[in-house]
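FYI, it's all coordinate maths here, none of it is from the lab. Being a predicted model, the structure only gives us computed values, none of them experimental. Every residue, glycine among them, receives a Cβ derived from its backbone with ideal geometry; neighbour counts consider all protein chains shown.
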Amino acid sequence: MEFDAAKIHYIPTTGVRRVVETPLVAATDEALKGYGCLVETPTTFPIEIVRWPAQGWRPVDDGSGDQAGVAEGIFEFWWKGETLFARNNAVGDSYLFAWSTWPEEAAGDGPSTARERALVWRANYHPDGGQLFYPMGGQGFVVPLALPGDDVTPERFVSFRCDGSCGLYIHPNIWHGAVVPLDDRAELLDRQGRVHARVSVDFAKEFGCYLGVPLRQP
């Protein structure tokens, strides 16, 4: 596998041979309680913005610390061979998100192949605001989510399958792994807090595993 490391925001951690499989559930408002919700009108949906935290006992003044606003752009995802790449045009970052087989064996170019699952190596959350993903062409996708807490483990993640008829909104501090398209390519409208702070977990480095994200219902 070869890629231009200068254009990838995070260099993947590899070299492990263990997978923690996540349960796959259909994304509904009931199933998403605590994580977020489904969205039908993405351009007017309110994105939660979290006030900048106080550094000591003096509080941040009212009307300040939450004025950065919302960043918006197209989040592109594409499979090349057995490797999932992405670019978030809202923030200008590119990623290598996942593989459909062990990364040492995964093709990083050429035609994509049939996929049963994705092996995801990292996840993050945004403490400054929520995030909305809305499929521009009705493409379905799967995203693993976990509830807040820095002591997160792979076993806490649940993969939610979105059929492409609605967007997915997640609250601030919700852990999310790669958005994995069910088709070879997908373009999603991305709306999120402009500060774009990220707190990450590296599954391969911290837990000696990848997060297994199933793409098909059993």
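Numerical summary
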{"read-out": "Alpha-carbon gyration tensor eigenvalues x 5, square-rooted, for segment 15-76, Å", "value": "32, 21, 15"}
{"read-out": "Residue list for segment 22-52, given a label point 7 angstrom along the Cα-to-Cβ vector of Gln217 and an amide N cut-off under 17 Å", "value": "23-32"}
{"read-out": "Leu182 paired with Ile11, simple spin-label distance in nm, labels 7 Å along Cα-to-beta-carbon", "value": "3.7"}
{"read-out": "Value of [θ]222 nm, deg cm²/dmol, for the chain, DSSP H segments ≥ 4, -39500 (n - 2.57) each, nearest 500", "value": "-500 deg cm²/dmol"}
{"read-out": "Order of Tyr210, Tyr35, Tyr10, Tyr125 - criterion: other Cβ atoms within 10 Å of each residue's Cβ, fewest first", "value": "Tyr10, Tyr35, Tyr125, Tyr210"}
{"read-out": "Local net charge near Phe77, Cβ-Cβ under 14 Å (Lys/Arg +1, Asp/Glu -1)", "value": "-2"}
{"read-out": "Cα centroid separation - segment 111-161 against segment 172-191, whole Å", "value": "6"}
{"read-out": "Kirkwood hydrodynamic radius over Cα pairs of segment 7-114, then Stokes diffusion coefficient at 25 °C and 0.890 mPa s, in µm²/s", "value": "136"}
{"read-out": "Surrounding net charge for Arg17, when Lys and Arg each add one and Asp and Glu each subtract one, Cβ distance under 13 Å", "value": "-1"}
{"read-out": "Between segment 201-218 and segment 52-72, the Cα center-to-center distance that results, in Å", "value": "34"}
{"read-out": "Reachable lysines from Lys205, criterion Cα separation under 26 angstrom, eight or more residues apart if same chain", "value": "Lys7, Lys80"}
{"read-out": "Rg/Rh (Cα only; Kirkwood hydrodynamic radius) as it applies to segment 76-123", "value": "0.98"}
{"read-out": "Cα-based Rg and Dmax for segment 135-175, where Dmax is the largest Cα-Cα distance (Å)", "value": "11.9, 36"}
{"read-out": "Space enclosed by the convex hull of the alpha-carbon atoms of the chain, per residue, Å³", "value": "128"}
{"read-out": "Rg to Rh quotient for segment 100-199, alpha carbon positions, Kirkwood Rh", "value": "0.97"}
{"read-out": "Those residues of segment 183-212 whose amide nitrogen sits under 15 Å from the label point placed on Trp78, 7 Å along Cα→Cβ", "value": "183-188"}
